[in-house]
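Below is one structure, written out as structure tokens; comments come after it.
The values are calculated or read from the model by the stated rules, or taken from the named source; none is laboratory data. Owing to the predicted nature of the structure, the values given are computational and were not obtained by experimental measurement. Cβ sites come from the backbone with ideal geometry, for glycine too, and all protein chains shown count toward neighbours. Please note that ligands, DNA and RNA were not included when accessible areas were found on the heavy atoms of the full protein model with its side chains. Shrake-Rupley method; radii C 1.70, N 1.55, O 1.52, S 1.80 Å.
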Amino acid sequence: LTFVASAPLLLPLPLPCWARAVVRALQVAACCLYIICRQEAKPFMLIDLSDLLQVNVYKLGAVYLQLTRLLRIEDHPSLSRPIDPSLYIHRFVEKLEVPQHQAKGAANTALRLIGQMKRDWMQTGRRPAGICGAALWMACHMHGLHKTKADVMAVVHVGWATLDKRVREFSANAAAGLTLREFEAAAAAAEEEQEALLAGLAKAQAQARLTSGPAAGYLQLQQQQQLAKRPRPQRAGADGEEAGDDDDSDA
């Protein structure tokens, strides 16, 4: 205890400068961790790290932007593409303390609600926290879980106005009038249709690569060889007999 009490005496004299350097180093370390989370698709947001460091999220966001520009990775695909809100659902369900026997069903419904929002273009240009909060709150009520908007707001770090606006936007769609069973069936059918479209697109792209890529010359050579092996039709002569090649007639 004596050593702990006397430890502050060992600090450098310009304490404010030293403290600012330590805080800045922690912020940079947090931003580096967030970059790795984005690259590895881990369900952690920048506001989670700001809560851990007890620093304003906008200030930490400014450090993050400066760091990405310094490292010249601001245009990296993992950082430039929009965040998929579905990454955070399972973590948010766990933080909401949903009963274990209902957690999987609520999470799956929330994921399908997010998929419906994507198909209705509700996600475009929106932050993932608001989309996750609305989907999570509606999923809890669809499964009979008594979770208030305040409970969801505390978990996803979003304001009342944003959460209420996203719920109202979804309620204006036709899917809002479906029961849980009807919604699950419609969402499953939409997912199967989307998978079929993606499979067809991948097949078409593979065929396009074969016909226009490096293998195109090999395929054309095979086609030419197959054409060369085919028997050529012989031309009929004037006297009704089949005429041979020019070289044979010269001989």
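Provide the per residue accessible area, probe 1.4 Å, for segment 67-150, rounded to a whole number of square angstrom. List each step's numbers first, then the result.
Details: 4640 Å² over 84 residues.
On a per-residue basis, segment 67-150 sits at 55 Å².
Considering the options Val57, Ile83, Val93, tell which one lies farthest towards the positive end of the dipole of segment 48-95, charges being +1 on Lys and Arg and -1 on Asp and Glu at the Cβ, about the Cα centre.
It is Val57.
Quick check: net charge around Glu191, other residues with Cβ under 12 Å of its Cβ, Lys/Arg +1 and Asp/Glu -1?
Details: positive: Arg112, Lys118, Arg119; negative: Glu184, Glu192, Glu193, Glu195.
Computed value for this residue: -1.
Determine how many Å³ per residue the convex hull of the Cα atoms of segment 96-155 encloses.
Values: hull volume 4.1 nm³, N = 60.
Roughly 69 Å³ of hull volume per residue.
In segment 19-108, carbon and sulfur make up what percent of the accessible area (probe 1.4 Å)? Could you put the intermediate results ahead of the total?
Details: 3320 of 5620 Å².
Ligands and nucleic acids excluded, carbon and sulfur reach 59 percent.
Calculate one ³J(HN,Hα) per residue across segment 117-133 by plugging θ = phi - 60° into the Karplus curve 6.51 cos²θ - 1.76 cosθ + 1.60, and present them in order as whole Hz with x for glycine and proline.
Rounded to whole hertz, the list is 4, 5, 5, 8, 6, 7, 7, 4, x, 10, 6, x, 5, x, 5, 5, x.
Could you tally the net charge around Glu97, taking each other residue with its Cβ under 12 Å from the Cβ of Glu97, Lys/Arg +1 and Asp/Glu -1?
Working: positive: Lys95, Lys147; negative: Glu94, Asp151.
Net charge around Glu97: 0.
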